[in-house]
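Working notes, structure below.
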């Protein structure tokens, strides 16, 4: 995982990264569904993408800006 700048924020940084990984996975599935014109799967994956990105945003709102910048400059974002 990604090391937090300040170790007291490590747990929240880990949670943010986990949500970004889940978002990325479901985004890939959503793209696949879009390519195959599977509207039902697309809608399901779109909902999951929204869920996990919203969770990331909630966590990011509680973190200091430099931690958010660190996450957004990582390979996970």
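Descriptive notes on the structure:
- Counting the residues of region 1-20 that are assigned to a helix (DSSP H, G or I) and either surrounded by 12 or more Cβ atoms within 10 Å (Cβ to Cβ) or touching a helix residue (DSSP H, G or I) at 6+ places or on another chain (Cβ under 7 Å) (or both) gives 11.
- The one condition in (1) in contact with a helix residue (DSSP H, G or I) (Cβ under 9 Å, 6 or more places away or on another chain); (2) not in a helix (DSSP H, G or I) that residue 31 fails to fulfil: (2)
- Flag if residue 75 is exposed (fewer than 12 other Cβ atoms within 10 Å of the Cβ) and assigned to a loop (DSSP other than H, G, I, E, B): yes
- Subset of region 3-17 (residues that are without any contact (Cβ under 8 Å) to a residue 12 or more places away in the chain and closer than 15 Å to residue 76 by Cβ): 3, 10
- The one condition in (1) at pLDDT 95 or above; (2) surrounded by fewer than 12 Cβ atoms within 10 Å (Cβ to Cβ) that residue 37 fails to fulfil: (1)
The values are calculated or read from the model by the stated rules, or taken from the named source; none is laboratory data. Bear in mind the structure is a predicted one, so any value in this text is a computation, not a measurement. Please note: Cβ atoms are built from the backbone with ideal geometry, for glycine as well, and neighbour counts cover all protein chains shown.
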